[in-house]
Every structure is written in C-alpha cells, then in structure tokens.
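Comments concern the structure below.
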Amino acid sequence: MSLGRILFLAFLALAVTQGPKALAKLAPGSSNAGQFSQLAALSRQAQSTSVTLTETGGIQAIPPDLQRMLDQAAADPQSFTDEERQLLSSLKDMGQSSAMSAPVLESLRQTQQRHTDKALNWTGSIRGAWTDFLSSCSRHRSRCRFWLWSVPGLLSALALLGIFLGAGLTRLFAGLCYNLARVWLWILAWGAAGLAGAVQVNAWLALPGEFVSPPALALLLSTILLKMIDANYPAWNSVVQGFLAPIGSGLFCLLVQLARSAL
C-alpha cells in the first residue's frame, strides 16, 4: 500500500472519530447537551448522598426517577421546551452541594411526568430505550471502555505478532479485526441514521467516543497489515465504505435535525 493511501485512510479514521460528533454539535439545541451531561453526572453524585428533605423545605439529593430525564436531555435536548431547558440549566448552581431545594425538585417532578406521559407512544418508547442505553453505558463506563478497547487491541496485537511468527497468523487475526471493525462501524452508522429518521434523535451527540475510536483505529491498522502481507487483498473499497458510513450517517442526522428545527 502506498504512503498516499495510508495517509488518506488515516485521515478518514480521524474524520470518523471526530466528524459525526462535530456535525451533531452544529445542530440547533445541541449546545445544551454538554450542560445536561454535567447535570446528569451531578445527579448521580447527589443520589449517593444521604441528604433528605426537611419539613422546612431543606435540601434533598436528586431522586433516581429524574436521572432518566437528565440523560434524555443530554441525548436529545430538542425534546425539551425552552422553559424546561432553562429549568435544567438553572441546576448548574447546585454543583457545590449536589442537592436542590424542594420547589425546584417539585418543578422537575412535573417535567419528568410530562415526559413520562409522552413516552407512552411508540416514538417515546424508542427514545426511552435509547436513554436507558445511555444511562447503562454511563453507569458502566469503565467496563465498556475496557472491552471496547481490549477486543480490537488484542486482535491487532495478535495480528502484529504474526509478522514475526508467520503471515498466516496475521491474515487470520487482521482479517477478523478488519471484518469486526467494519461491521461495527456500519451498525453504528445505520443505527444512528435509523434513530434520527424514526424519532429525530441524533445519536452521535451523546454516543461515547469509545464506541467509535477503537474500531476506527483497528480498521486502519488491520487494513495496513493485510495489504502488507498481500498487496492484492480486496480491502480498499470496503474499508473506504466502512469509514465513510459514519460520516454519511452524521450528515444525515444533522440534516434531520435542521429540518426538524425549521418546521
């Protein structure tokens, strides 16, 4: 493989790791997502405290039933009204105490109830499933990060080892890594596009980076290794398509959000 093609693939890999999320941040309302993610993290801290609500309206940790709303706000801020977003934004002041006053808590309960009522239809169910997935990923972030990096990392290491032990070993593990990474990126791309088309949620805005970076890097490395041992290996078209799929998905999701805000 020529140096020019290697550099081109490296550029595509970088675009995959940064591009879809960068495109998602261009959509209206996405600027609130980082703030809502911070609030979600603060709410988890508050849930771990032993603070209780006093009779005089003292402070209380954020109850667990509001966690889902905050995760939804981080994943899809456009599903909230301006007033609701302003209410959530006002909670940034609770950062020092990880708690809130009773009136604010009651307002959040009412907001949560409205969004629970919306979740009774099929679109709400899909949004709810996506929010639950993000919540689960957030709770088990370290475990997810470990496996998402370890699997492609192990396959890549075995493929590199094959350079010294035999081309057959490299072909086996690099080929496995290549196919798994390519399929994974395609699944992410089509899944995000389907979510945007069905319920107008831009998955790239909230999807953790470890879901994209490890497979993108593994796909780049495995392609280089396969071409090193066999210059005629039919990888070029497939790997380019694998890299372009998330970028195209990010563009599609952005267009859906722009169309949604224009209506």
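Given +1 on the Cβ of Lys and Arg, -1 on the Cβ of Asp and Glu, and no further charges, what dipole in debye does the stretch 112-263 carry about its Cα centre, rounded to the nearest 20?
On the way: 11 positive and 4 negative charges, 57 e Å.
For this selection, approximately 280 debye.
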Counting only protein heavy atoms, what percent of the accessible surface of the stretch 144-191 is carbon or sulfur at a 1.4 Å probe? 83
Phi to ³J(HN,Hα) by Karplus 6.51 cos²θ - 1.76 cosθ + 1.60 over the stretch 211-226, Hz, x for Gly, Pro: 6, 10, 4, x, x, 5, 5, 5, 5, 5, 5, 5, 5, 4, 5, 5
Could you state how much accessible area V151 has, in square angstrom rounded to the nearest 10, with a 1.4 Å probe and all protein chains kept in place? 70
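The values are calculated or read from the model by the stated rules, or taken from the named source; none is laboratory data. If you're wondering where the values come from, they're calculated on a predicted model, not measured in any experiment. For neighbour counting, all protein chains shown are included, and Cβ atoms are generated from backbone atoms with ideal geometry for every residue, glycine included. Areas reflect the complete protein model, heavy atoms only, side chains present, ligands, DNA and RNA absent. Shrake-Rupley method; radii C 1.70, N 1.55, O 1.52, S 1.80 Å.
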